[in-house]
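Below is one structure, written out as C-alpha cells; comments come after it.
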Amino acid sequence: MIRVRQVERRDAPRWAAMRAALWPEEDPAALADDVERFFAEPRRGVGAMPEGVLVAETDEAAQAVGFAEVSRRLYAEGCETSPVGFLEGWYVVPEHRRRGVGRALVAAAEAWARELGCREFASDAVADNGTSATAHRALGFEEVVIVRCFRKDLDPGEIAMGDSGSDRPAQRPRLPLELLPDVFAVCRLDAAARVPSWAEASGRFFTVSRTPAELSITALDSVVPADVPCQRGYRAFRVRGPLPLDLIGILTSIADPLARAGVSIFAISTYDTDYVLINGKELDVAIDALKHAGHEVTP
C-alpha cells in the first residue's frame with residue numbers, strides 16, 4: 001500500500017538524499033541546507049519554494065521512497081488563473097518506480113493545491129528530458145510551451161532598494177492581465193445620494209463606494225447620463241484571479257511600470273482580484289509598458 005503524507009523532521013536525511021539524486025548537478029550540501037531551512041525557518045505562502053513537501057511510503061520500505069515539493073506561483077506558462085499550484089520537484093527511488101508511487105505523489109500534490117484554492121496545476125522539465133515529459137503526459141499534463149532561458153553576469157552597481165530597506169533587489173510578480181472590452185466612466189455624486197438606477201444598468205461590471213464626502217460609481221460609459229459629473233473613456237485591466245488577500249506587491253507591479261511610462265491609474269480591488277483603469281487615450285502606451293515589465297496582456 002502507498003501512503004502519502006506531509007514531510008516531518010525525521011524525514012530530513014532521506015529527503016535530502018533523494019533531492020541529491022534528483023538534482024545531481026547541484027551541491028549536495030546546499031540541497032541539505034535547504035531541507036534544514038524548511039524546518040528551521042518555515043515560510044508558507046504564495047512564492048515560497050517549496051511551500052509544502054509530500055513524501056510517499058510503502059509497506060515494503062522502512063523509509064520514504066519518493067517526494068514531491070510543491071508551491072503556489074503567481075503565474076505559470078499557459079495558465080489563466082492565479083495563484084497556480086506548481087510541482088517544483090518530483091522523485092521516486094528507482095526500485096519503487098512503475099508501482100504507482102509517482103502517480104500517488106502527484107495526486108496528493110494536486111489535492112494540496114486544490115485545498116489552497118488553486119484552480120490549475122503546473123510543472124516543468126528541461127527541453128531534452130523526454131522521460132519527464134512522458135511521465136507528465138501520462139498523468140494528464142498538457143505541454144503548453146517550450147522556453148529557452150538565458151542569463152548574464154551584471155556589473156556591480158547601484159542596487160534597487162525594496163520597501164523594507166534591505167539591499168536585496170525588489171522583485172515584482174509577473175501577472176496575467178486581461179483587457180476588458182468595455183469603456184468605463186468614473187463618477188462622483190453627493191454623499192447622501194441614492195445609488196441611481198443607471199448604475200445597475202451597467203450590467204456585469206459596476207462598483208459603488210460611499211464615504212462621508214462622496215458617492216463614487218464606476219460603470220459603463222454608455223449608461224451614464226450626460227449631466228453626471230464624471231471622467232469618461234477609461235479602459236480596464238483585470239488581474240486574472242482569484243488572488244489570496246495576503247498577496248503583496250500586486251498593484252505595485254502594475255502601477256510602477258505605468259508610472260514610468262507617464263500613465264496614471266484608477267485602481268479597484270475586489271475580494272477575488274484587482275482592476276486597474278487607465279485613460280483610453282493612453283491604452284497603447286500602457287500595454288507596451290506592462291508587456292515590457294513582463295506581464296502577459298490578453299484581450
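Okay, here's what the table says:
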{"read-out": "Contacts under 8 angstrom Cβ, first residue in the range 177-197 being in contact (Cβ under 8 Å) with a residue 60 or more places away in the chain and more than 16 Å from residue 221 (Cβ to Cβ), partner among the hydroxyl-bearing types (Ser, Thr, Tyr) and in a strand (DSSP E or B), 6 or more apart", "value": "177/298; 178/298"}
{"read-out": "Where a residue in the range 1-30 is touching a residue at least 24 places away in the same chain (Cβ under 8 Å) and its partner, wherever it lies, is assigned to a helix (DSSP H, G or I) and surrounded by fewer than 11 Cβ atoms within 10 Å (Cβ to Cβ), with Cβ under 9 Å and at least six apart", "value": "21/94"}
{"read-out": "Filtered residue count, the range 266-299, keeping only those that are loosely packed, with under 13 Cβ neighbours inside 10 Å and over 20 Å from the mean Cα position of the chain (by Cα)", "value": "2"}
{"read-out": "Subset of the range 110-129 that is in contact with a strand residue (DSSP E or B) (Cβ under 8 Å, 6 or more places away or on another chain) and among the aliphatic types (A, V, I, L, M) - its residue that is farthest from residue 89 (Cα to Cα)", "value": "116"}
{"read-out": "First in the range 70-92 and on the phi > 0 side of the Ramachandran plot, second anywhere and in a loop (DSSP other than H, G, I, E, B), Cβ under 7 Å, 6 or more apart", "value": "78/144; 78/145"}
{"read-out": "Residue within the range 242-251 that is touching a strand residue (DSSP E or B) at 6+ places or on another chain (Cβ under 9 Å) and outside any loop (DSSP other than H, G, I, E, B) present", "value": "yes"}
{"read-out": "Qualifying positions in the range 190-214 - crowded, with 17+ Cβ neighbours inside 10 Å and either modelled with pLDDT of 95 or more or in a loop (DSSP other than H, G, I, E, B) (or both)", "value": "196, 202, 206"}
{"read-out": "Residue 80 vs. criteria among the acidic types (Asp, Glu), farther than 18 Å from residue 13 by Cβ and out of contact with any Leu (no Cβ under 6 Å at 6 or more places or on another chain)", "value": "yes"}
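Each row is one residue, and each column tells you yes or no for (1) surrounded by fewer than 16 Cβ atoms within 10 Å (Cβ to Cβ); (2) hydrophobic (A, V, I, L, M, F, W, C); (3) over 29 Å from residue 271 (Cβ atoms).
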residue	(1), (2), (3)
60	yes, no, yes
67	no, yes, yes
73	no, no, no
85	no, no, no
90	no, yes, yes
94	yes, no, yes
98	yes, no, yes
132	yes, no, yes
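The values are calculated or read from the model by the stated rules, or taken from the named source; none is laboratory data. Computed from a predicted structure; not experimentally measured. Using ideal geometry, Cβ is built from the backbone for each residue, glycine included, and neighbour counts are taken over all protein chains shown.
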